[in-house]
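First comes the structure, then the notes that go with it.
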Amino acid sequence: MSCFGYCNDCGEIHELPSALAIPHCHALMAELSAYKRIDFDVPLVAADPRLSTDILYSKMRGRMFGILVCEDGNGKEVILRAFSSRHNGVWNVAGWVPPLVDEHAFVATVERGNLDLHPLTDLIDTLQKESKEWYLKLAERRLVSHGILAKLNALYTFHNFKQEKRSLEQAFQLKKGIPVGTGDCCAPKLLNYAAIHHLKPLSIAEFFWGKETASGHRIEGGFYDSCEEKCQPILGFMLCGSKQVVTV
């Protein structure tokens with residue numbers, strides 16, 4: 001199972017198999033290889049240059065892509081696809097499931113936070129390292145940074161297949177700090193979209209595409225489990241009710 005997580009609500013590990021989704025992933029790999037862009041549903045003349053896959057072979061390296069096979073209320077197969085985080089700064093691309101967060105609210109929150117954060121950083125650069133004031137300002141900047149992160153986390157809403165929704169803080173199963181970027185991976189995007197649109201999830205698979213990671217742990221075309229640090233702590237809640245037939 002590549003997608004699973006422990007659910008605090010029912011005390012069970014919920015999971016989805018990957019077999020049905022893998023052939024669709026191979027088809028997606030073929031399209032990425034042939035078109036060398038992720039907006040391959042539009043004619044080349046209308047293509048957005050930012051959506052080229054060239055960025056995946058730069059120093060930025062590759063990213064994860066995912067497929068979720070679903071079934072609608074009439075028993076018809078529905079195929080959803082997602083890319084992790086943002087592609088060359090672009091959040092929303094036609095034909096791909098959207099992010100969980102409103103991009104304009106996210107950017108505005110970051111910009112407002114930077115108005116407090118950047119002056120502190122500039123001031124710290126002028127102070128003598130390891131002086132008392134230097135340590136005090138470092139601590140102040142850390143508090144400001146944590147405040148910004150809390151506001152960003154509050155923008156995320158997660159849905160499951162029992163028609164329940166929760167904030168990131170409520171959905172995250174572990175007591176430790178929530179990693180930056182939680183909710184931006186493929187599995188949460190795909191499952192959230194399916195839950196909102198009353199689709200029954202049948203199978204999910206995620207693969208890496210582009211230049212291999214610096215550690216070499218992820219290579220192009222390789223299939224990988226949903227990440228342990230960011231995804232598994234929220235997937236238990238998100239998958240809850242997924243074995244039930246969801247009706248509108």
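Hey, could you grab the Kirkwood Rh for the stretch 180-247? Inverse mean 1/r over distinct alpha carbon pairs, Å, one decimal. Numbers along the way, then the final one.
Details: mean 1/r = 0.0750 Å⁻¹.
Computed over the stretch 180-247, the radius equals 13.3 Å.
Counting only Cα atoms, I'd like the Rg/Rh figure for the chain, Kirkwood definition for Rh. Please report the intermediate quantities before stating the final value.
On the way: Rg = 19.9 Å, Rh = 19.6 Å.
Computed over Cα atoms, the ratio is 1.02.
State, to one decimal in nm, how far the label point of Val45 lies from the label point of Asn8, with both points 7 Å from Cα in the Cβ direction.
Calculated label separation equals 5.5 nm.
Roughly what angle does helix 22-35 make with the longest principal axis of the chain, taking Cα atoms, 0 to 90 degrees, to the nearest 10?
Helix 22-35 and the main axis of the chain meet at about 70 degrees.
Pulled fully out, how much extra length does the chain show between His104 and Asn88, if you take 0.36 nm times their separation in residues and subtract their Cα-Cα distance?
Details: separation 16, 0.36 × 16 = 5.76 nm, distance 1.62 nm.
Stretched fully, the His104-Asn88 segment lengthens by 4.1 nm.
What percent does the relative contact order of the chain come to when contacts are Cα pairs within less than 8 Å and at least six residues apart? Kindly include the intermediate steps, with their values, before the conclusion.
On the way: 443 pairs, mean separation 80.4, N = 248.
About 32 percent, as a whole number.
Can you give the net charge of the other residues whose Cβ lies under 12 Å from the Cβ of Leu68, counting K and R as +1 and D and E as -1? The partial results should precede the final answer.
Values: positive: Arg81, Lys189, Lys200; negative: Glu71, Glu77, Glu206.
Neighbourhood net charge equals 0.
Report the extension gain between Val180 and Ser167 in nm, rounded to one decimal, defined as 0.36 nm multiplied by the number of residues separating them, less their alpha carbon distance.
Numbers: separation 13, 0.36 × 13 = 4.68 nm, distance 1.48 nm.
Between Val180 and Ser167, full extension yields 3.2 nm more.
Quote the relative contact order of the stretch 1-102 in percent (integer), defining contacts as alpha-carbon pairs under 8 Å separated by 6+ residues. Walk me through the intermediate numbers first.
Working: 108 pairs, mean separation 17.9, N = 102.
Relative CO of the stretch 1-102 lands at 18 percent.
Any idea which of Met60, Leu28, Ala47 is furthest toward the positive side of the dipole for the stretch 25-78, if Lys and Arg beta-carbons carry +1 and Asp and Glu beta-carbons -1?
Of Met60, Leu28, Ala47, it is Met60.
As a test of reading the structure, rank Leu152, Leu235, Leu143 by solvent-accessible area (1.4 Å probe, protein chains only), most first. If you can, show how the numbers build up before the last one.
Values: Leu152 20, Leu235 0, Leu143 130 Å².
If we order Leu152, Leu235, Leu143 from most to least accessible, we get Leu143, Leu152, Leu235.
Per residue, how much accessible area does the chain show when a 1.4 Å probe rolls over the protein heavy atoms, in square angstrom? Kindly include the intermediate steps, with their values, before the conclusion.
Values: 13300 Å² over 248 residues.
Accessible area per residue: 54 Å².
Report the label-to-label distance for Glu140 and Glu77 in nanometres (one decimal), using points 7 Å from each Cα along the Cα→Cβ vector.
6.1 nm
Looking at the stretch 94-156, which trypsin sites (Lys or Arg not before Pro) are in a loop (DSSP not H, G, I, E or B) and have at most 10 other Cβ atoms within 10 Å? Write out the running numbers ahead of the final one.
Values: sites: Arg112, Lys129, Lys132, Lys137, Arg141, Arg142, Lys151; in loops: Lys129.
Counting only loop positions with at most 10 other Cβ atoms within 10 Å, the trypsin sites (Lys or Arg not before Pro) in the stretch 94-156 are Lys129.
With +1 on each Lys and Arg Cβ and -1 on each Asp and Glu Cβ, how big is the dipole of the chain about its Cα centre, in debye rounded to the nearest 20? Walk me through the numbers before you get to the answer.
On the way: 27 positive and 29 negative charges, 55 e Å.
My answer is approximately 260 debye.
Which loop GluC sites (Glu not before Pro) in the stretch 178-229, with loop taken from DSSP, have no more than 10 other Cβ atoms within 10 angstrom of their Cβ? Before the final figure, lay out each step's value.
Values: sites: Glu206, Glu212, Glu220, Glu228, Glu229; in loops: Glu212, Glu220, Glu228, Glu229.
Within the stretch 178-229, the qualifying GluC sites (Glu not before Pro) (loop, at most 10 other Cβ atoms within 10 Å) are Glu228.
Round to a whole number: what % of the accessible area of the stretch 1-152 belongs to carbon and sulfur, probe 1.4 Å?
Details: 4940 of 8940 Å².
Roughly 55 percent of what the probe reaches on the stretch 1-152 is carbon or sulfur.
I want to verify the translational diffusion coefficient of the stretch 5-145 in µm²/s; compute it with Stokes-Einstein, Rh as the Kirkwood radius over Cα pairs, at 4 °C and 1.567 mPa s.
Values: Rh = 19.4 Å.
Translational D for this selection: 67 µm²/s.
Given the options Leu202, Ile219, Asn153, identify the residue whose Cα lies farthest towards the positive end of the charge dipole of the stretch 144-226 (+1 on Cβ of Lys, Arg; -1 on Cβ of Asp, Glu).
Asn153
Once you list every other residue whose beta carbon is under 11 Å from the beta carbon of Ser85, what net charge do they have if Lys and Arg are +1 and Asp and Glu are -1? Kindly include the intermediate steps, with their values, before the conclusion.
On the way: positive: Arg63, Arg86, Lys189, Lys230; negative: Asp184.
Its environment carries a net charge of +3.
DSSP loop (so not H, G, I, E, B), at most 12 other Cβ within 10 Å: list which GluC sites (Glu not before Pro) in the stretch 91-143 pass both filters. Before the final figure, lay out the partial values.
Details: sites: Glu103, Glu111, Glu130, Glu133, Glu140; in loops: Glu130.
Here the GluC sites (Glu not before Pro) that fit, given the DSSP loop and packing criteria, are Glu130.
Given the stretch 132-248, what whole percent of its Cα pairs are spread farther than 17 Å?
Details: 4287 of 6786 pairs.
Percent of Cα pairs beyond 17 Å in the stretch 132-248: 63.
Using only Cα atoms and rounding to the nearest 10 degrees, what angle (0 to 90) does helix 132-153 make with the longest principal axis of the chain?
Rounded to the nearest ten degrees, it is 20.
To the nearest 10 degrees, how steeply does helix 186-196 sit against the main Cα axis of the chain, on a 0 to 90 scale?
The two axes meet at around 60 degrees.
If you plug each phi of the stretch 212-226 into the Karplus form 6.51 cos²θ - 1.76 cosθ + 1.60 with θ = phi - 60°, what whole-Hz ³J(HN,Hα) values come out, in order, with x for Gly and Pro?
Going residue by residue, I get 4, 5, 4, 7, x, 6, 10, 10, 4, x, x, 9, 9, 5, 4 Hz, with x marking Gly and Pro.
Using only the alpha carbons of the stretch 6-69, determine the length spanned along each of the three principal axes and report them from longest to shortest in whole angstroms.
Principal-axis extents of the stretch 6-69 (Cα, largest first): 51, 27, 18 Å.
Within the set of other residues whose C-beta is less than 15 Å from the C-beta of Tyr135, count the net charge using Lys and Arg as +1 and Asp and Glu as -1.
On the way: positive: Lys129, Lys132, Lys137, Arg141, Arg142; negative: Asp125, Glu130, Glu133, Glu140.
Result for the local shell: +1.
Let me have the 222 nm mean residue ellipticity of the chain computed from DSSP H runs of 4+ only, each contributing -39500 (n - 2.57), with the sum over all residues rounded to the nearest 500.
Values: 6 runs with 83 residues, N = 248.
Rounded to the nearest 500, it is -11000 deg cm²/dmol.
Probe radius 1.4 Å, ligands and nucleic acids left out: which of Ile219, Ile13 has the largest accessible area, and how do the rest follow? Display every interim value, and only then the final one.
Working: Ile219 80, Ile13 110 Å².
Sorted by accessible area, descending: Ile13, Ile219.
The values are calculated or read from the model by the stated rules, or taken from the named source; none is laboratory data. Because the structure is predicted, anything quoted here is derived from the model rather than measured. Note that each Cβ is placed from the backbone with ideal geometry, even for glycine, and that neighbours are counted across all protein chains shown. Each accessible area value is taken on the protein alone, full model and side chains, heavy atoms only, with ligands, DNA and RNA left out. Shrake-Rupley method; radii C 1.70, N 1.55, O 1.52, S 1.80 Å.
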